[in-house]
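Any read-out appearing in this document is the output of simple, stated calculations on the displayed coordinates, not a laboratory observation. The structure displayed is predicted, hence computed values, not measured ones. In this analysis, Cβ positions are derived from the backbone assuming ideal geometry, glycine residues included, and neighbour counts consider all displayed protein chains.
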Amino acid sequence: MTLHHLTRATLAATLIASSSHAALADMTPADVQVPDGNAVALETVGVGAITYMCEMNDDDTMAWVFKGPHAALNDSDGSQVGSYYGPPATWEALDGSKVTGTQLATAANGDGNIPLQLVEANPAEGEGAMTGVSYIQRLNTQGGVAPDVACDMDHDGATAVVTYQADYIFWSAE
């Protein structure tokens, strides 16, 4: 059984807010700030879905468990420039270059929204847009949390696909 749960996220590709990087930094929680010495290399809007599965946890309770994302990464014109998928979390440009990373921090972003996130990128595979990426920020999240529907023994193995949107900002060392 697959459940589709719509969120407040607009699934049309939207432009990244027109605020300056300095203003964006002022609005971004300290936990997910990129360290000094890095500059924005690429700004994208991720539009997609996150899959959850209803299953038994280690503490013998049933819960919706994160299984992975799949999103298109769009530029400010709404054109797809890459994809985001996992596990493991992978950001791949249309030129074939891609990075994975290690989560460093998260910060809450309101009810119904997945948290903001800071990821340290592993060295890129392939040459292209992802070459030299040092950090990835997930900002302006909308939707994406586990569904608010029953997850019990009667629903064991059920999947839920939840839509979301987020800005993914790729940074490289200056």
Given all pairs of distinct Cα atoms, segment 36-101 yields a Kirkwood Rh in Å of 13.7 Å
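Determine how many Å³ per residue the convex hull of the Cα atoms of segment 63-113 encloses.
Details: hull volume 6.6 nm³, N = 51.
Roughly 130 Å³ of hull volume per residue.
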Beyond 20 Å, what percent of the Cα pairs of segment 71-166 remain? 46 percent
I need the peptides 58-67, 82-91 ranked by packing, meaning the mean over residues of other C-beta atoms within 10 angstrom, with the highest value on top. 82-91, 58-67
Please report, for the Cα atoms of segment 111-174, the Rg to one decimal and the Dmax as a whole number; what are they, in angstrom? 16.6, 53
What distance in nm lies between label points placed 7 Å from Cα along the C-beta direction at Ala63 and Tyr85? 2.8 nm
In nm, what is the difference between 0.36 nm times the number of residues separating Ala30 and Asp148 and their Cα-Cα distance? 39.5 nm
